[in-house]
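The values are calculated or read from the model by the stated rules, or taken from the named source; none is laboratory data. These figures come from a predicted structure and were not determined experimentally. Neighbour counts run over all protein chains shown; Cβ positions are idealised from the backbone, glycine included.
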Amino acid sequence: MTRLLIKQAHLLVHDNELKLQDVLISEGKIVEIADEITTPATRTIEAQGALLTPGLVDVHVHFREPGFAYKETVATGSQAAARGGFTTVLAMPNLDPVPATPAAFTQIKANNEANGRVHIYQYAAISEGLTSADVSDMETLAADGAIAFTNDGKGVQTAATMLTAMQAAAKVKRPLVAHVEDESLVNGGVMNLGKRSKELGLPGIDPLSESSQLARDLVIAKATGVHYHVAHISTKESVDLVRFAKSQGVQVTAEVSPHHLLLDETDITGDNAYFKMNPPLRTPTDRQAVIAGLLDGTIDMVATDHAPHSLAEKQRSFIGAAFGITGIETSFQLMYTHFVKSGIATLEQLLQWMVVQPRVAFNLPGQSELTVGAPADLALFDIAHAHTITADEFLSKGVNTPFIGATVYGQTVLTLVNGQVAYEA
Ligand SMILES: NC(=O)N[C@@H](CC(=O)O)C(=O)O
Ligand SMILES: [Zn+2]
Ligand SMILES: [Zn+2]
């Protein structure tokens, strides 16, 4: 029987207190947690005060396979996830083929399982081609293992399609996840419509594109009783709408990405497409609103929207470059540095946003606490030493992120999935 012993790691105990503990792992599970463990082990890891947490959960990643393996594969994406401290991810369906049919879905799921280093749950598409066409066979897809339904990458353009989709998702008790974007308000935009787009002379996306479709969806969600989840929320109006909907008893959850919490349009240095993503970086007011929404519980969780692209697709002008940034390797360290270390939030809150709430909202198996008997899905983070992010350190194929050069705390030292090493620095 192999035994892995982690010595002297900081564990979060009640009231945001950190305590040095030894943790023994065997047969894929935590078997003992104590001040000092002397049981002989196959391998001993000296944690030297690093922070040991449950493995992180990301409900929004793009692993690009099948169809776009030049941007990312399940192997590289999941290695990157493990390097970010994530042990569970939910993979988006904007693939080729799109998992809108049971045949395509089953094949994609099998590939995830064969090549993934972490637990991967697959979203099925709401409709073929991510268009407002016929709603997919959600009953069969759910039975085949679809964790939830979404057309992420595209908004659902008609209320009729959304109504049918929500009714079907409610029937099979799966969340309906929305990328909210009314295409009639996009106007060929490549960044947020406002002061900065005017300064740069670039076409802007009207922020009402997000909130107006969200308002529509919330009304339909209430009527259908579906669990509706808002992907990458980015504007003040959207946060206000979700807050109101929650007060009215609508079953709604929302996620925000680290970049919408940490950057706004004024940070865009010039015509640099590493700042190009959808939804775009918004105004400072919007940024403050998503922070406030996260802190008051209107926004339930942080999700990366890890969207890797090739250098050729990103190293060009804003016009013509692909939307999206790589994110899964920098999420924890950015959030830890700018929310916990800076004192805006507690470590307990951060783990709520990055472990507990994702698991609750998507009804995921596993455990969100470090207790004896829990599966050994764990991450160990160095919170004592500063690190400057460089492009060459990523395990993801995508290196397109505006956070290159940022100095952070919380580098991952070790990630275990089912007690096995998935990443080690
Ligand atoms: N976020 C992005 O800018 N891009 C995503 C699609 C999406 O999440 O909408 C992608 O697939 O590249
Ligand atoms: Zn999206
Ligand atoms: Zn996405």
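Does residue 312 satisfy the criteria of being free of Cβ contacts under 8 Å to residues at least 24 places away in the same chain, away from ligand 1 (no atom under 14 Å from the Cβ) and either assigned to a loop (DSSP other than H, G, I, E, B) or farther than 20 Å from residue 209 by Cα (or both)?
Numbers: free of Cβ contacts under 8 Å to residues at least 24 places away in the same chain: yes; away from ligand 1 (no atom under 14 Å from the Cβ): yes; either assigned to a loop (DSSP other than H, G, I, E, B) or farther than 20 Å from residue 209 by Cα (or both): yes.
Yes: the conditions hold for residue 312.
Answer yes or no: is there a residue in the range 349-357 that is away from ligand 2 (no atom under 16 Å from the Cβ), assigned by TED's automatic domain parsing to the domain that holds residue 69 and over 14 Å from the mean Cα position of the chain (by Cα). So that I can check it myself, show each step before the final result.
Our first condition is that a residue be away from ligand 2 (no atom under 16 Å from the Cβ); within the range 349-357, this holds for 349-357.
Then drop every residue that is not assigned by TED's automatic domain parsing to the domain that holds residue 69, which leaves 349-357.
The next check asks that each one be over 14 Å from the mean Cα position of the chain (by Cα); those that pass are 349.
Checked against the condition, which is being away from ligand 2 (no atom under 16 Å from the Cβ), assigned by TED's automatic domain parsing to the domain that holds residue 69 and over 14 Å from the mean Cα position of the chain (by Cα), the range 349-357 yields at least one hit.
Would you point out which residue out of 88, 76 is under 30 Å from residue 380 (Cα atoms) and part of a helix (DSSP H, G or I)? Please lay out each step first, then the result.
Working: 88 fails: part of a helix (DSSP H, G or I).
Answer to the selection: 76.
Only strands (runs of 3 or more DSSP E) wholly contained in the range 1-47 count here; list those with 1 or more residues that are buried (at least 18 other Cβ atoms within 10 Å of the Cβ), among the small types (Gly, Ala, Ser) and at pLDDT 95 or above. Before the answer, list the steps.
Details: elements: 3-13, 17-26, 29-34, 43-46.
In the range 1-47, the matching strands (runs of 3 or more DSSP E) lie at 3-13, 17-26.
From the list 351, 364, pick out the single residue that is buried (at least 16 other Cβ atoms within 10 Å of the Cβ), under 18 Å from residue 382 (Cβ atoms) and more than 16 Å from ligand 3 (Cβ to nearest atom).
Every option except 351 fails the conditions.
Given (1) in contact with a helix residue (DSSP H, G or I) (Cβ under 8 Å, 6 or more places away or on another chain); (2) more than 25 Å from residue 385 (Cα to Cα), identify the lone condition not met by residue 26.
(1)
What are the pairs with Cβ atoms under 6 angstrom where one residue, in the range 34-57, is in contact (Cβ under 8 Å) with a residue 40 or more places away in the chain and the other, located anywhere, is loosely packed, with under 14 Cβ neighbours inside 10 Å? Sequence gap at least six, or different chains.
These pairs meet every condition: 42/2.
Suppose the filter is surrounded by fewer than 22 Cβ atoms within 10 Å (Cβ to Cβ) and among the polar types (S, T, N, Q); does residue 187 pass it? Before you say what the answer is, go through the steps one by one.
Values: surrounded by fewer than 22 Cβ atoms within 10 Å (Cβ to Cβ): yes; among the polar types (S, T, N, Q): yes.
Here the answer is yes, as residue 187 does meet what is asked.
Restricting the search to the range 120-141, which residues are in contact with a strand residue (DSSP E or B) (Cβ under 8 Å, 6 or more places away or on another chain) and closer than 17 Å to residue 174 by Cβ?
120, 121, 122, 123, 124, 125, 126, 127, 135, 136, 138, 141
Just to be sure, is residue 303 surrounded by fewer than 20 Cβ atoms within 10 Å (Cβ to Cβ) and closer than 24 Å to residue 252 by Cβ?
Considered against the rule, which asks whether it is surrounded by fewer than 20 Cβ atoms within 10 Å (Cβ to Cβ) and closer than 24 Å to residue 252 by Cβ, residue 303 comes out as no.
Is the range 146-159 home to any residue that is farther than 30 Å from residue 112 by Cβ, assigned by TED's automatic domain parsing to the domain that holds residue 302 and either part of a loop (DSSP other than H, G, I, E, B) or within 16 Å of ligand 1 (Cβ to nearest atom) (or both)?
Checked the range 146-159: at least one residue is farther than 30 Å from residue 112 by Cβ, assigned by TED's automatic domain parsing to the domain that holds residue 302 and either part of a loop (DSSP other than H, G, I, E, B) or within 16 Å of ligand 1 (Cβ to nearest atom) (or both).
Return only the number of the condition from (1) surrounded by 22 or more Cβ atoms within 10 Å (Cβ to Cβ); (2) within 16 Å of ligand 1 (Cβ to nearest atom) that residue 242 does not satisfy.
Every listed condition holds for residue 242 apart from (2).
Looking at (1) in contact (Cβ under 8 Å) with a residue 40 or more places away in the chain; (2) within 30 Å of residue 347 (Cα to Cα), which one does residue 213 not meet, given that it meets all the others?
In the conditions (1) in contact (Cβ under 8 Å) with a residue 40 or more places away in the chain; (2) within 30 Å of residue 347 (Cα to Cα), residue 213 misses (2) alone.
Can you pull out the residues in the range 176-194 that are over 18 Å from residue 59 (Cβ atoms) and part of a loop (DSSP other than H, G, I, E, B)?
If the condition is that a residue be over 18 Å from residue 59 (Cβ atoms) and part of a loop (DSSP other than H, G, I, E, B), then 181, 182, 186, 187, 188, 189, 190, 193, 194 are the ones that fit.
Give me a count of the residues in the range 124-147 that are within 14 Å of ligand 2 (Cβ to nearest atom) and at pLDDT 95 or above.
2
From the list 208, 241, which one is without any contact (Cβ under 8 Å) to a residue 40 or more places away in the chain, within 22 Å of the chain's Cα centre (by Cα) and more than 16 Å from ligand 3 (Cβ to nearest atom)?
241
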